[in-house]
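The values are calculated or read from the model by the stated rules, or taken from the named source; none is laboratory data. It should be emphasised that the depicted structure is a prediction, and the values quoted were computed from it without experimental measurement. Note that each Cβ is placed from the backbone with ideal geometry, even for glycine, and that neighbours are counted across all protein chains shown.
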Amino acid sequence: MPEDLALRSPDVVIIGAGAAGLMCAMTAAGRGRRVLLLDRSNKAGKKILMSGGGRCNFTNMWAEPANYASRNEHFCKSALARYTPWDFIALVDKHGIAHHEKKLGQLFCDDKSKDILNLLLTECREAGVELHVNTSVQRIERTDDGYALQTDLGPVRATSVVIATGGLSIPTLGSSGFGYEIARQFGHEVLPTRAGLVPFIITDGLKELCNELSGTSVAAVARCRDQSFSENILFTHRGLSGPAILQISSFWELGDTVEIDLLPDRDALAWLQEQQAARPDSGLGTVLAGVFTKKMAGLLADRWFEAKPMKRFTPAELRDVAARLNGWQVVPGGTEGYRTAEVTLGGVDTREISPKTLESRRSPGLYFVGEVLDVTGHLGGFNFQWAWASGHAAAQVV
Ligand SMILES: Cc1cc2nc3c(=O)[nH]c(=O)nc-3n(C[C@H](O)[C@H](O)[C@H](O)COP(=O)(O)OP(=O)(O)OC[C@H]3O[C@@H](n4cnc5c(N)ncnc54)[C@H](O)[C@@H]3O)c2cc1C
């Protein structure tokens, strides 16, 4: 038998060398466990490389359970409390990686995402992790003392198997439904999945406005289903994007209206009344140009209202304008889907997973970490923090 196809018997097999799998591998190997880390892609950590616009928003200093969506809202607490953003920052500092806070506690590399991937690969190498890319797993079966796997490397036996295969977003980066299949095979429920942190597509009459304003970004508050996010929105030729939209997309469901406050922190009616008194002969577009770009002001005045002088707006009309500015009602036609989504909502139901160890309650020795689980962070470094924390928690016991 060729050496490569001989039976391997590490202590732990980790499937998926993304953020969670790499963290789990380096930490378990650091405890002296013999770790085999497999990824079907040709490269480990592809999402890390793509993340944060190439600078990897690797954590958020203020990460807490409230920043995560899950059917089981308490599940993430234990792992997050035991591996905090400061633990990961200490690791980043140990590797001399320069970083900065962009805003709202979001930490980015000064240079490139590759620095974070190199950190993880270096730690894995130094701890003795055996990493194989371009390697798929065909089958996993339970044995008396662990698991038997059929892989491209040949048969593998291990006492622990960690599923770290991530979600479904951006299929070209290696995503697969494999983790969900294994979860079902071992009796777990998989909650319905859908794209999260994803731009909206506008299909109704607003589409033309979005297209014409494509590239324009404005501060706003986006609200839907009792959630609200105060950040920028970005008009695109297909609809709406930008941080506030990506955030609210994780809570939006088809048919929901999203309310967008285009004048956050400002009472639009009081402001318009002041403008009417101070500049009665100015057109609405000119007045709006005081707070929006000239193009946006002109388009809003023309499309939404009458572009007449301020003095000709009746009190009722002024109230309508204000209501629109403070509460623009948008009904997205859909989202751009997994093709551009940063995360996958839903996934392996956490009610059958130990929050402390991430071990399956249905099949001892089987673990699920990272995005494959029904735990989804807000935009801003929270998803990586979940990957680090859950990978680290499982690594203590595998
Ligand atoms: C474009 C983009 C930018 C992002 N930017 C940020 C950011 O700046 N900050 C942040 O916090 N989050 C960001 N995210 C989200 C973050 O990347 C994920 O939440 C995180 O990578 C999840 O980690 P994971 O290890 O669970 O899964 P992944 O990182 O997706 O890793 C899963 C791994 O499993 C492998 N795999 C899948 N199926 C199989 C199989 N059948 N057999 C073997 N291997 C398999 C994949 O090839 C992959 O390497 C971004 C996501 C995207 C798509």
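Which count do you get for residues in region 189-231 that are more than 20 Å from Ser169 (Cβ to Cβ) and within 16 Å of the ligand (Cβ to nearest atom)?
Looking only at that region, the number is 1.
How many residues does region 174-206 hold that are touching a residue at least 40 places away in the same chain (Cβ under 8 Å) and surrounded by fewer than 16 Cβ atoms within 10 Å (Cβ to Cβ)?
Count: 6.
For region 349-358, how many residues meet the condition of being of a type outside the set (Val, Ile, Thr), crowded, with 22+ Cβ neighbours inside 10 Å and outside any loop (DSSP other than H, G, I, E, B)?
Residues in region 349-358 being of a type outside the set (Val, Ile, Thr), crowded, with 22+ Cβ neighbours inside 10 Å and outside any loop (DSSP other than H, G, I, E, B): 0 in total.
For residues that are touching a residue at least 40 places away in the same chain (Cβ under 8 Å) and within 16 Å of the ligand (Cβ to nearest atom), scanning just region 135-151, find the one that is surrounded by the fewest Cβ atoms within 10 Å (Cβ to Cβ).
Of all residues in region 135-151, those touching a residue at least 40 places away in the same chain (Cβ under 8 Å) come to 135-137, 140, 142, 146-147, 149, 151.
Still in the running and within 16 Å of the ligand (Cβ to nearest atom): 135-137, 140, 147, 149, 151.
Numbers: Thr135: 17, Ser136: 15, Val137: 21, Ile140: 23, Tyr147: 19, Leu149: 22, Thr151: 21.
Of everything passing the filter in region 135-151, Ser136 is surrounded by the fewest Cβ atoms within 10 Å (Cβ to Cβ).
Collect the residues in region 289-299 that are in a helix (DSSP H, G or I) and in contact (Cβ under 8 Å) with a residue 60 or more places away in the chain, keeping them in residue-number order.
Lys295, Met296, Leu299
Quick check on my filter: what residues within region 1-31 are charged (D, E, K, R), at pLDDT 95 or above and over 15 Å from Tyr147 (Cβ atoms)?
Arg31
Limited to region 373-398, what total is found for residues that are more than 16 Å from Cys24 (Cα to Cα) and assigned to a loop (DSSP other than H, G, I, E, B)?
Counting residues in region 373-398 that are more than 16 Å from Cys24 (Cα to Cα) and assigned to a loop (DSSP other than H, G, I, E, B) gives 6.
Please work out if Ala220 is of a type outside the set (Asp, Glu) and part of a strand (DSSP E or B).
yes
I'd like to check something: does region 116-128 contain any residue that is touching a strand residue (DSSP E or B) at 6+ places or on another chain (Cβ under 7 Å), within 15 Å of the ligand (Cβ to nearest atom) and in a helix (DSSP H, G or I)?
There is at least one residue in region 116-128 that is touching a strand residue (DSSP E or B) at 6+ places or on another chain (Cβ under 7 Å), within 15 Å of the ligand (Cβ to nearest atom) and in a helix (DSSP H, G or I).
Results for (1) within 16 Å of the ligand (Cβ to nearest atom); (2) of a type in the set (Asp, Glu); (3) in a helix (DSSP H, G or I), shown as yes or no for each residue.
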site	(1), (2), (3)
Glu306	no, yes, no
Arg319	no, no, yes
Arg324	no, no, yes
Gly347	yes, no, no
Arg362	no, no, no
Glu371	yes, yes, yes
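Taking the residues in region 21-41 that are among the charged types (D, E, K, R) and within 9 Å of the ligand (Cβ to nearest atom) as candidates, determine which candidate is surrounded by the most Cβ atoms within 10 Å (Cβ to Cβ).
Taking the candidates together, the pick is Asp39.
Checking Ala98 against (1) of a type in the set (Gly, Ala, Ser); (2) within 13 Å of the ligand (Cβ to nearest atom); (3) closer than 18 Å to Ile48 by Cβ; (4) surrounded by fewer than 17 Cβ atoms within 10 Å (Cβ to Cβ), only one condition comes out false. Which one?
(2)
Taking region 274-312, which residues are within 23 Å of Ser217 (Cα to Cα) and among the aliphatic types (A, V, I, L, M)?
Leu284, Val287, Leu288, Ala289, Val291, Met296, Ala297, Leu299, Leu300, Ala301, Ala307
Just name the residue that is farthest from the ligand (Cβ to nearest atom) out of those in region 42-63 that are exposed (fewer than 15 other Cβ atoms within 10 Å of the Cβ) and small (Gly, Ala, Ser).
So in region 42-63, the residues exposed (fewer than 15 other Cβ atoms within 10 Å of the Cβ) come out as 42-43, 53-54, 62.
Remaining after also requiring small (Gly, Ala, Ser): 53-54.
On the way: Gly53: 8, Gly54: 9 Å.
Step by step, filter region 42-63, then rank; the result is Gly54.
Assess whether Ala195 counts as being part of a strand (DSSP E or B), among the aliphatic types (A, V, I, L, M) and under 16 Å from the mean Cα position of the chain (by Cα). So that I can check it myself, show each step before the final result.
Working: part of a strand (DSSP E or B): yes; among the aliphatic types (A, V, I, L, M): yes; under 16 Å from the mean Cα position of the chain (by Cα): yes.
Taking the combined requirement at face value, the residue satisfies it.
I'd like to verify a number: residues in region 298-312 that are at pLDDT 95 or above and of a type in the set (A, V, I, L, M, F, W, C), how many?
1
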